[in-house]
Amino acid sequence: MVTCQTNLLVRLALIGAVFFFWGVEGKLPDLPMSDGCFRLTPEVPLYRREGEAVVLAWGFLGRVLQVRNFASLNSTYLITKGNTTGSVAEGSEGRVRQNGRRLWLLPSQSSDSGEYTCYYRTQSVCVAGSISIKVFPEDSVDVSKLLYPHQSIMGQPATVFCPSISSFKTIQHVQWFKGSSASAQRLESSSQGKDLQLPTVGTSELGLYTCLLMVLINQSQYTVSRTVLLQSDDPLILPSRTTTDFSVTSATSNPSIHPKDRETTVDRLPPPVISAPVNGTVYHAEHGSGLELRCEVWAGCQSTDSTLVTWMVDGQSVDSSYLNGRALEGGRRVTQRMTGECQVEVRLVIIALTNRDTEAEFKCVTHNEGGTREVVVQLRLEDTLSTWLVVGSVIAGCFLSVVSVFLYCLLKPQRKADYFLTRQTSVC
């Protein structure tokens, strides 16, 4: 009887340990809530030129809806701007159009700058995500905000991608320029398709490149441009001064020169310093969980606007890497310290880690006129299955020990006495 009850308790304990493991492993962290809606981490901020086609896409919001099983057919999206509560869209034929969790600016205007919030609602849930955008007027473009870094190896061929253009399905024409605007040197024979092919990378090839696209949206043509900063993998080799001058135009600088043809030279600055993470850092996380990497860079406060901080994956930008759609870069934040220096912080959020991520090289790169610095980090996945099995086994073992002792004491058979009393007779 004792053996039968003990076996039953063993099975119940093991089943409980398994359900305990599933419950802990599958639980996602709670989302902050405000005004009845779950609030998400802001999307990557955007910087764009006025007069171009611009798409605001809430990719992080879409991923959260998928991971948490919030997606439903009976749902609605509402996109607002600032503190307003009404839709910012102007209808299917207006300049500002909404398509699900995407907002199209056709074309963009400087007045479009601001913060936009996308609300996803069903009968039982509300989720809100925000994104900010800065649209530079044609007469005051800060190219340092528009840059997409691209790492290259000196003496080797390189393929430069035109980044962040996946939202445009119909691209009619692509043209590359050496410089920060379409008024720079036009590259005739080096481009093939949307990519720029460089036979060999030397010091003269480093610097700024601009890809100019002609896209077709609802039978109307629009222009789209992206500026890429081609850098060397050797931090001691800097782009030549003439190819890295950031185009910051001003309407009052020289009225005889067209705004797009003006360029100002940035004075030599001290090189930035990456304070975190330390080169060679290994981050540990669980399989399937999310991870946020932060790159913190110290620079002079006068140079923060021209100090580029970005994350690279296997030598490519996040949008061009295999993590496109599963990782988001952004959240640039500048804080000033009492020492007179400023810190620039850029985050990289990776959703649903996989074994493939442990093989990738994650690199934080910072660059300004003073130089380029970089650090490399790696990811390691913890074996959560073995960990929780051990924990479950220990808990089950302790539980069974207590129950076994209790049952033994309760059901222990009574031993017969090995002595007896005899009746004594007395003789008077």
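The values are calculated or read from the model by the stated rules, or taken from the named source; none is laboratory data. Everything numeric here is computed off the predicted structure, so don't read it as measured data. Cβ placement follows ideal geometry from the backbone for every residue including glycine, while neighbour counts extend to all protein chains displayed. Accessible surface areas use protein heavy atoms only, side chains included; no ligands, DNA or RNA. Shrake-Rupley method; radii C 1.70, N 1.55, O 1.52, S 1.80 Å.
Key figures for this structure:
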| read-out | value |
| --- | --- |
| Contacts under 6 angstrom Cβ, first residue in the stretch 34-59 being aromatic (Phe, Trp, Tyr), partner in a strand (DSSP E or B), 6 or more apart | PHE38/VAL127; TYR47/LYS134; TRP58/CYS118; TRP58/GLY129 |
| Residue that is nearest to the chain's Cα centre (by Cα) [pool: residues in the stretch 28-49 that are farther than 30 Å from LEU212 by Cα and among the acidic types (Asp, Glu)] | ASP30 |
| Residue satisfying all of: in the stretch 134-158; part of a loop (DSSP other than H, G, I, E, B) and among the β-branched types (Val, Ile, Thr); surrounded by the most Cβ atoms within 10 Å (Cβ to Cβ) among these | VAL141 |
| Number of the condition not met by LEU78 [criteria: (1) of a type in the set (A, V, I, L, M, F, W, C); (2) touching a helix residue (DSSP H, G or I) at 6+ places or on another chain (Cβ under 6 Å); (3) in contact (Cβ under 8 Å) with a residue 12 or more places away in the chain; (4) open to solvent by 30 Å² or more (accessible area, probe 1.4 Å)] | (2) |
| Matching option when the condition is β-branched (Val, Ile, Thr) and either in a loop (DSSP other than H, G, I, E, B) or open to solvent by 50 Å² or more (accessible area, probe 1.4 Å) (or both), among VAL64, VAL44 | VAL44 |
| Strands (runs of 3 or more DSSP E) lying entirely in the stretch 288-337 (those with 2 or more residues that are charged (D, E, K, R)) | 291-300, 327-336 |
| Subset of the stretch 98-133 (residues that are charged (D, E, K, R), outside any loop (DSSP other than H, G, I, E, B), closer than 13 Å to THR80 by Cα and open to solvent by 20 Å² or more (accessible area, probe 1.4 Å)) | ARG102, GLU115 |
| Matching option when the condition is touching a His at 6+ places or on another chain (Cβ under 9 Å) and modelled with pLDDT of 85 or more, among VAL365, VAL309 | VAL309 |
